[in-house]
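The structure appears below as structure tokens.
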Amino acid sequence: MNPFTPDFGQQPPVLAGRDAEIAARMRALEAGPADPAFTALALGPRGVGKTAMLAVVAADAEAAGWRVIRVETPLSPRPGEGAVAAITEQAHDHLDDIDPPAKRKMTGVSPPLIGGAQWENVPARPPTFHKLVGTLVDRTVDVGGAGVFLVIDEFHNLDPPEASTISGAIQQITKLAHKNLAFVGVGLPHIESTLLSDRGFTFFQRCARAPVGNISTDDAMEAIGQPFADRGAPIGAPLLRRAADATRGMGYAMQSLGYHLWDAAAPPTVATGDLVARAIARMEEDVGLHVAAPIWNRLSPTDVLFLTAMLDDNGHPSRLSDIAKRIGPAMSNATVYKNRLLREGAIVETGRGRVMFASGAIQHRAAEERALAAQQAQNTGLAPLPPAGPTPRCGKWMPRAETRCTRRAGHNGGCRR
């Protein structure tokens with residue numbers, strides 16, 4: 001059976017390079033409400049491995065006596081099917097587990113005209129979301145548990161009304177009553193400039209940040225190589241480094257490459273250079289479809305210009321000053337665009353003021369964009385001109401499309417719906 005899990009959110013066979021982040025989460029839980037990281041946002045690019053890491057944290061928290069509520073916020077949920085409803089359902093399940101509901105028993109019989117059968121009263125459930133979650137925290141502690149740990153995945157899909165309901169409960173229970181209701185929201189970094197500017201997210205703006213980035217090449221080698229070694233088919237160090245370098249430390253890319261290599265090599269057969277090359281190609285296809293495309297669709301024309309300028313470095317890390325020089329006057333502030341592209345997950349920092357493409361798929365999209373511009377210039381007989389500056393865009397977050405509106409600023413298209 002293939003041990004690799006190239007589905008988003010699945011726990012991989014080896015979670016390498018995350019020991020420090022997991023330890024930090026567990027220290028915050030142990031410290032309690034006074035710790036700033038007791039309520040936090042774990043933000044990172046798509047496919048980096050946020051959900052897989054939090055799955056390990058949740059398992060460790062359960063082992064330490066925490067009642068864990070993990071929900072995934074759906075995109076544009078139907079009424080009654082959002083995060084609040086999911087949390088409510090799990091909270092009731094936990095309460096029923098702590099205090100199993102007694103079967104209703106008949107306590108007597110009266111004449112039919114008076115009322116018929118008499119039944120034992122069933123205790124009423126907490127009437128509000130805040131009361132429900134607070135009751136669960138209290139009952140958990142009463143029976144010797146540590147507290148309640150709430151994890152909301154796909155946090156960027158949360159809409160303001162639900163955000164207000166959830167944040168209100170956390171504010172009252174954790175921050176004001178100092179009870180053990182811990183919280184982590186798992187989402188994409190672009191919410192810093194989109195959702196978190198909404199009034200419904202005021203509380204979450206004050207949560208600690210727990211950034212989740214790509215892991216090192218050495219850790220990626222461990223994540224890919226260990227399952228093969230465990231099966232008696234270790235991958236040679238040069239080939240393993242080649243495979244790890246191709247993933248750029250992205251969690252999804254590591255699982256995709258490992259999955260395709262395992263299928264092709266069929267351990268205990270030892271992987272060859274040809275098989276690794278084929279697995280890398282399949283991984284790039286997966287990343288292009290599931291990671292690069294959603295990122296690319298959110299980029300502005302100047303974002304794309306920044307990325308195409310990086311192509312001149314032939315896949316090696318690019319210096320910010322070189323990028324700005326290549327673009328010229330159209331790049332008014334290279335640092336601003338670098339930070340935007342880092343948040344979107346299109347590039348990664350390599351140190352010493354240098355950046356590189358976050359994946360080969362993003363690099364490929366940039367190359368396609370440059371080729372298209374060159375073809376258009378050849379067809380028209382005109383040299384392609386860079387934009388004079390960033391085009392003013394609406395920029396509002398569209399929950400249903402899961403992207404920002406790219407129409408010109410000032411339109412009235414109702415895009416927030």
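The values are calculated or read from the model by the stated rules, or taken from the named source; none is laboratory data. Source: prediction; values computed, not measured. Don't worry about glycine lacking a Cβ; one is built from the backbone with ideal geometry, like all the others, and counts go over all protein chains shown. Side chains included, ligands, DNA and RNA excluded: accessible areas come from the protein's heavy atoms. Shrake-Rupley method; radii C 1.70, N 1.55, O 1.52, S 1.80 Å.
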>> If you count only protein heavy atoms and use a 1.4 Å probe, how large is the accessible surface of residue 194, to the nearest 10 Å²?
In response: 10 Å²
> Tell me, what ³J(HN,Hα) does each residue in the range 236-252 have, in order and in whole Hz, if you take phi through Karplus 6.51 cos²θ - 1.76 cosθ + 1.60 with θ = phi - 60° and put x for Gly and Pro?
Replying inline: x, 3, x, 5, 5, 5, 4, 5, 5, 4, 5, 7, 6, x, 8, x, 4
>> Please report the spacing between the Cα centers of the range 153-224 and the range 260-294 in Å, no decimals.
In response: 33 Å
>> Test of understanding: what is the full-extension gain from residue 85 to residue 60, defined as 0.36 nm times their sequence separation minus their Cα-Cα distance?
In response: 6.5 nm
>> Largest first and in whole Å, what are the equivalent-ellipsoid semi-axes of the range 214-365 based on the Cα gyration tensor, each being the root of 5 times an eigenvalue?
In response: 33, 14, 12
>> Suppose we look only past 15 Å in the calculated P(r) of the range 1-105. What percent of the Cα-Cα pairs does that tail hold?
In response: 73 percent
>> 5 Å is the cut-off here: which amide hydrogens, built 1.01 Å from N in the peptide plane, fall below it relative to residue 70, excluding neighbours closer than 5 in sequence?
In response: 151
>> Report the rotationally averaged projected area of the range 193-294 based on its alpha-carbon convex hull, in square nanometres.
In response: 8.1 nm²
>> Can you give me the distance in nm between label points at residue 325 and residue 272, each placed 7 Å from the Cα along the Cα-to-Cβ direction?
In response: 4.5 nm
> With every protein chain kept in the model, how would you rank 92, 190 by accessible area, 1.4 Å probe, largest at the top?
Replying inline: 92, 190
> Going by a ≥ b ≥ c, the root eigenvalues of the Cα gyration tensor, does the range 266-332 fall in the rounded group (a/c under 1.5), the prolate group (a/b larger than b/c) or the oblate group?
Replying inline: oblate
>> Roughly how far apart, in whole Å, are the Cα centres of the range 320-335 and the range 56-70?
In response: 47 Å
> Leaving out same-chain residues fewer than 8 places away, which aspartates and glutamates sit with a Cα under 15 Å from that of residue 50?
Replying inline: 7, 19, 21, 72, 153, 154, 344
>> If I model a spin label as a point 7 Å beyond the Cα along the Cα-Cβ vector, how far apart are those points for residue 372 and residue 177 in nm?
In response: 5.4 nm
> Could you give me the ³J(HN,Hα) list for the range 68-75, computed from phi with Karplus coefficients 6.51, -1.76, 1.60 and θ = phi - 60°, whole Hz, x at Gly and Pro?
Replying inline: 9, 10, 10, 10, 10, 6, x, 7
